[in-house]
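Notes follow the structure.
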Amino acid sequence: MGFDLNDLAWRLFSGKVAYFIDFFIVPPIIAALLVWNSLVFGRDHAGQILIAFAGGLLLWTFVEYFIHRLLFHHVWPLKQMHDLHHENPEALYGAPPFLGPVLIFALVDAPLEYLDQGWAAAATAGVMAGYFLYISHHYLDHAKPRFMARVLARSRRRHMLHHHADKDTNFGVSTSLWDHVFRTEFKGRH
């Protein structure tokens, strides 16, 4: 019996429990980081906290674009797993549970801790918030909830163009900012 990447990906990265775990663990992490930040640094640093949070949020949008454009579309085995999502966009494929938060702590919080704990916690909370917006947005783009139809119509159309018209465009899910910057936006006409 040979190794079947599709079967492995399906077992590890699909299903309701695996797909939705991060929806429940990320908001308390964001809240804990911000509460810790406010308790340790107080009101005197509210502006610094806000700037670091906004910077983290902006950083996430770039990371999201980069991961989707370069890693999910070009690097094995991520490309093969992402191709499964393109083949069956309604299936609940996602990253392994906890991977996003663990990587955010390892790649954002840990290095920034050496510079300044206040900036690190607030920036990490911003990146986590961006990640949460991304996973929520992506789910809603595919789930098509009626109550969000008008709010998400433009975003959903952009994402569906990525899936069905030109997979080399519209890599941003939570924002189209980096698609504008890197000229990868596709509005439906060539």
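The values are calculated or read from the model by the stated rules, or taken from the named source; none is laboratory data. Every value quoted in this text rests on a predicted model; they were computed, and no experiment measured them. Heads up, the Cβs are rebuilt from the backbone with ideal geometry, glycines too, and the neighbour counts pull from every protein chain shown.
Could you figure out which of (1) exposed (fewer than 13 other Cβ atoms within 10 Å of the Cβ); (2) farther than 13 Å from TYR65 by Cα; (3) hydrophobic (A, V, I, L, M, F, W, C); (4) in contact with a helix residue (DSSP H, G or I) (Cβ under 9 Å, 6 or more places away or on another chain) isn't true of LEU152?
(1)
With respect to GLN80, determine if the residue is modelled with pLDDT under 95, touching a Leu at 6+ places or on another chain (Cβ under 7 Å) and surrounded by fewer than 17 Cβ atoms within 10 Å (Cβ to Cβ).
Values: modelled with pLDDT under 95: yes; touching a Leu at 6+ places or on another chain (Cβ under 7 Å): yes; surrounded by fewer than 17 Cβ atoms within 10 Å (Cβ to Cβ): yes.
Yes: the conditions hold for GLN80.
TRP119 passes all but one of (1) in contact with a helix residue (DSSP H, G or I) (Cβ under 8 Å, 6 or more places away or on another chain); (2) surrounded by fewer than 18 Cβ atoms within 10 Å (Cβ to Cβ); (3) modelled with pLDDT under 95; which number fails?
TRP119 satisfies every listed condition except (2).
So in segment 171-188, with the set limited to residues that are at pLDDT 85 or above and over 13 Å from PHE62 (Cα atoms), which one is surrounded by the fewest Cβ atoms within 10 Å (Cβ to Cβ)? So that I can check it myself, show each step before the final result.
Within segment 171-188, the subset at pLDDT 85 or above is 171-186.
Now narrow it down to the ones that are over 13 Å from PHE62 (Cα atoms): 183-186.
Numbers: ARG183: 7, THR184: 18, GLU185: 17, PHE186: 16.
Ranking the qualifying residues of segment 171-188, first place goes to ARG183.
Any idea which of (1) out of contact with any Gly (no Cβ under 9 Å at 6 or more places or on another chain); (2) without any contact (Cβ under 8 Å) to a residue 60 or more places away in the chain; (3) under 22 Å from HIS159 (Cα atoms); (4) assigned to a helix (DSSP H, G or I) is the one GLU90 doesn't satisfy?
It fails just one condition, (4).
Quick check: anything in segment 163-174 part of a helix (DSSP H, G or I), free of Cβ contacts under 8 Å to residues at least 60 places away in the same chain and on the phi < 0 side of the Ramachandran plot?
yes
Could you please give the count of residues in segment 104-122 that are touching a residue at least 40 places away in the same chain (Cβ under 8 Å) and under 15 Å from the mean Cα position of the chain (by Cα)?
1
Please determine whether any residue of segment 123-133 is more than 17 Å from the chain's Cα centre (by Cα), under 30 Å from VAL40 (Cβ atoms) and either part of a loop (DSSP other than H, G, I, E, B) or not acidic (Asp, Glu) (or both).
Let us first name the residues in segment 123-133 that are more than 17 Å from the chain's Cα centre (by Cα), namely none.
Within segment 123-133 (the criterion being more than 17 Å from the chain's Cα centre (by Cα), under 30 Å from VAL40 (Cβ atoms) and either part of a loop (DSSP other than H, G, I, E, B) or not acidic (Asp, Glu) (or both)), the answer is no, since none of the residues qualifies.
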